[in-house]
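Novice: Before I ask anything, let me first share the structure, which is written out below as structure tokens.
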Amino acid sequence: MTESTKRRHNKMLAGSHYDKAISHFKQLSHEMSIDYFRVLLEKLAMHENSIEANVTSNPSAKVKLILEALGLALPCVEPLNKLQDSLQEFIAHH
């Protein structure tokens, strides 16, 4: 097995792991929103790393990778808003 094949296989396994974790945390209660948010960010960071590793001069390939990253970032908005609300509530009571 070549090094490139190993990297692709590991990336696929990690992506599957993150997808399962995201699905699991999304089904849990409000208290788990921090873990859900963390897993979303970790998956986004993994994708960002693959963008940096995949240096290409093809503009359409770059746009595709950036759009995929945006698609991964959008689900972060809801848990981020919940965390912000929790922080504001905490500050108001202390």
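Nothing in this text is a laboratory measurement; each read-out follows from the coordinates by a stated rule. Keep in mind that what you see is a predicted model, and the values were worked out from it rather than measured. Ideal geometry is used to build each Cβ from the backbone, glycine not excepted, and the neighbour counts take in all protein chains shown.
Novice: Looking at region 45-80, which of its residues are outside any helix (DSSP H, G or I) and within 26 Å of SER33 (Cα to Cα)?
Specialist: Quick first cut of region 45-80, residues outside any helix (DSSP H, G or I) only: 54-58.
Result: no residue meets the conditions.
Novice: Which residue out of MET1, MET12, MET46 is surrounded by 14 or more Cβ atoms within 10 Å (Cβ to Cβ) and among the aliphatic types (A, V, I, L, M)?
Specialist: Numbers: MET1 fails: surrounded by 14 or more Cβ atoms within 10 Å (Cβ to Cβ); MET12 fails: surrounded by 14 or more Cβ atoms within 10 Å (Cβ to Cβ).
Criteria check complete, one pass: MET46.
Novice: With in contact with a Pro (Cβ under 7 Å, 6 or more places away or on another chain) and within 23 Å of ARG7 (Cβ to Cβ) as the only criterion, which of LEU40, LEU72, LEU67, LEU44 stands out?
Specialist: Step by step, each of LEU40, LEU72, LEU67, LEU44 is checked, and only LEU40 is in contact with a Pro (Cβ under 7 Å, 6 or more places away or on another chain) and within 23 Å of ARG7 (Cβ to Cβ).
Novice: Here is a follow-up. Of the residues LEU40, LEU83, which is without any contact (Cβ under 8 Å) to a residue 40 or more places away in the chain, on the phi < 0 side of the Ramachandran plot, surrounded by 11 or more Cβ atoms within 10 Å (Cβ to Cβ) and part of a helix (DSSP H, G or I)? Reasoning before the result, please.
Specialist: Numbers: LEU83 fails: without any contact (Cβ under 8 Å) to a residue 40 or more places away in the chain.
So the residue among LEU40, LEU83 that is without any contact (Cβ under 8 Å) to a residue 40 or more places away in the chain, on the phi < 0 side of the Ramachandran plot, surrounded by 11 or more Cβ atoms within 10 Å (Cβ to Cβ) and part of a helix (DSSP H, G or I) is LEU40.
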